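Here's the structure, in structure tokens; my notes come after.
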């Protein structure tokens, strides 16, 4: 039996409102010890985070991992760029797709999977204002229908 234990750390909830999600990849991360300990405390923020491909490597920027509370002098920089671990073929595919106009790489979720920190990376295309309004309108209509169904 393949028991997979997943524990969520942080989620970028606004990403699905701001972007159309085209595709997703699961990536590992290169971290230092105090970052992992801070993540075990659930101290991460994905709000402004984004990823870029630089010299054949994928890096995530603006991912805020708060300093570990029990560390002394050797704590990490909360906003340092962090390298993502993907296969070379996946990086090539991502590079080709991000070169298309309007596509970007957005972290959706940060979680532990079998004791390892993983990041769900999405290839996304930005929504326009009218797309967001349409999504809100559709969600409200769906909510009204469900309410009417429950009242009957």
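Values in this text are rule-based calculations from the coordinates and carry no lab data. Everything numeric in this text was worked out from a predicted model, so none of it was measured. Backbone-built Cβ (ideal geometry, glycine too); neighbour counts: all protein chains shown.
For the chain, the 222 nm mean residue ellipticity estimated from helices alone, with every DSSP H stretch of n ≥ 4 adding -39500 (n - 2.57) and the total spread over all residues, rounds to -9500 deg cm²/dmol. Sorting the segments 36-46, 62-72 by their residues' average number of neighbouring beta-carbon atoms within 10 angstrom, most packed first, yields 36-46, 62-72.
Helix 129-151 against the longest principal axis of the chain: what's the angle in degrees, Cα atoms only, rounded to the nearest 10? Once rounded, one gets 60 degrees. Distance between the modelled labels on residue 93 and residue 47, one decimal in nanometres: 3.3 nm (7 Å Cα→Cβ projection). Taking Cα atoms only, the orientation of helix 88-98 departs from the longest principal axis of the chain by about 50 degrees. A Förster radius of 41 Å, combined with the Cβ-Cβ distance separating residue 18 from residue 73, puts the computed FRET efficiency at roughly 0.60.
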